[in-house]
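Worksheet: one structure, shown below.
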Amino acid sequence: MRKTKKVSDSTVTMVQQVLPNDTNPLGNLLGGTLMHWMDICAGLAAARHANEAVVTAAVDHIDFKHPVRMGEMVTLTAKLTKVGRTSMNISVEAVAENLKTGNTIIANRADFVFVAMDSEYQPIEVPLLDIDE
Ligand SMILES: CC(C)(COP(=O)(O)OP(=O)(O)OC[C@H]1O[C@@H](n2cnc3c(N)ncnc32)[C@H](O)[C@@H]1OP(=O)(O)O)[C@@H](O)C(=O)NCCC(=O)NCCS
């Protein structure tokens, strides 16, 4: 029988600080760097749910809502929202915090699809998801 896991079993929070190498000439976080961090965070949540290796299959939607400035702290949170047989939908939110003022703002949201893979690089079944928390 297929095991069931809760959303909280696999939720991942990851923190980064925007350093000079992460920025464009305006001093804002590069979009590609933020997408890389989001992909890592989503992939960790997927792997935690599946207990298998995972690959990014798709990024369904990504919104750059607010620029993130150099020096700010970015907290990324990845949560599973749905699973198929071998695929997992993961929503990632990135919150930027100005460390001088303490002000926070949602800078970015994205929806990823990951697929669990076995050792022969074939999609493998993942546990069901209990979203009633
Ligand atoms: C993702 C991948 C494993 C899917 O392989 P596939 O031969 O299409 O496998 P399947 O048809 O069995 O699909 C497996 C699952 O992935 C889902 N899937 C495949 N492509 C998808 C896409 N573009 N968007 C959403 N889901 C997708 C299928 O719906 C299926 O889900 P389910 O089992 O929950 O029903 C394959 O395309 C791949 O290896 N892609 C490269 C992954 C990679 O290297 N990522 C890094 C990014 S550079």
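Structural remarks
- Near pairs, Cβ below 6 angstrom, 6+ apart or cross-chain, from segment 110-128 (surrounded by fewer than 16 Cβ atoms within 10 Å (Cβ to Cβ)) to any residue that is of a type in the set (D, E, K, R) and assigned to a loop (DSSP other than H, G, I, E, B): E125/R85; L128/R2
- Against the conditions (1) under 23 Å from S8 (Cβ atoms); (2) within 13 Å of the ligand (Cβ to nearest atom), A57 satisfies every one except (1).
- Yes/no for S8 being in a strand (DSSP E or B) and farther than 21 Å from Q122 by Cα: no
- Within segment 74-89, considering residues that are near the ligand (Cβ under 10 Å from one of its atoms), part of a strand (DSSP E or B) and not aliphatic (A, V, I, L, M), the one surrounded by the most Cβ atoms within 10 Å (Cβ to Cβ): N89
- Residue within segment 29-42 that is more than 23 Å from K6 (Cβ to Cβ), part of a strand (DSSP E or B) and either within 16 Å of the ligand (Cβ to nearest atom) or not small (G, A, S) (or both) present: yes
- For segment 1-57, a tally of residues being at positive phi and either of a type in the set (F, W, Y) or buried (at least 18 other Cβ atoms within 10 Å of the Cβ) (or both) returns 0.
- Subset of segment 95-130 [more than 16 Å from the ligand (Cβ to nearest atom) and among the aliphatic types (A, V, I, L, M)]: V95, A96, L99, I105, I106, A107
- Among residues that are crowded, with 17+ Cβ neighbours inside 10 Å, at negative phi, away from the ligand (no atom under 15 Å from the Cβ) and at pLDDT 95 or above, V92 is included.
- Residue in segment 60-77 that is touching a strand residue (DSSP E or B) at 6+ places or on another chain (Cβ under 7 Å), at pLDDT 95 or above and among the basic types (K, R) present: yes
The values are calculated or read from the model by the stated rules, or taken from the named source; none is laboratory data. None of these values were measured; they are calculated from a predicted model. Using ideal geometry, Cβ is built from the backbone for each residue, glycine included, and neighbour counts are taken over all protein chains shown.
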